[in-house]
């Protein structure tokens, strides 16, 4: 089971890292647009639309990554004080009550939205460039599918924690600067 959880987690990490490059593209495109707009006085018609789609792709496709890294926002004032078995039981219940129905709705309705968009070869009418948006709308059900898969891994993680009283270690990726500083001061002491 550990291998299955880490394989699913690895997929989520890979997709998150791949779409993380959207940040670089966003930064470059904003810089370019600011330069051509304010220095050359020659704004583009496509830049704003591309930035919206990059940000949307980043937001959608990094959800499973955030879940795999346990970095979603959580009001854990009381939660963190609970024993691991209680935390896992609570997580298990909440995944079934809220997470899976919400993500299933995202996949179901996202699929309908994407299918209609492909059928009509939808373009943005808010844009002077009339860019195609059916590729972007395809990311809605895809991101939901990735969240469902990662959610399944989280359920397995909960069952394992209920049985053992210990959370399964997550695959490591980037770390917060504060965490690294704490770790460095602990190793020096």
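Give me the angle, in degrees from 0 to 90, between the Cα long axis of helix 84-94 and the longest principal axis of the Cα atoms of the chain, rounded to the nearest 10. Roughly 40 degrees, rounded to the nearest 10. Centre-to-centre, using Cα atoms only, the stretch 130-164 and the stretch 71-121 are separated by 9 Å.
Against the longest principal axis of the chain, how steep is helix 100-120, in degrees 0 to 90 to the nearest 10, with axes from Cα atoms? Helix 100-120 sits at roughly 20 degrees to that axis.
As a size descriptor, the averaged projected area of the C-alpha convex hull of the stretch 2-177 was calculated at 12.7 nm².
Going from the fewest other Cβ atoms within 10 Å to the most, the residues 173, 76 appear in the order 76, 173.
Take every Cα pair under 8 Å whose residues are at least 6 apart in sequence, average their separation, divide by the length of the stretch 1-93, and the relative contact order is 35 percent. Cα axis of helix 177-188 to longest principal axis of the chain: angle in degrees, 0 to 90, nearest 10? The angle comes out near 40 degrees. When only Cα pairs below 8 angstrom with a gap of at least 6 residues are kept, the chain shows a relative contact order of 30 percent.
Bear in mind that the values in this text are calculations on the coordinates, not laboratory data. Source: prediction; values computed, not measured. All Cβ positions, even for glycine, are placed from backbone atoms using ideal geometry, and neighbour counts span all protein chains on display.
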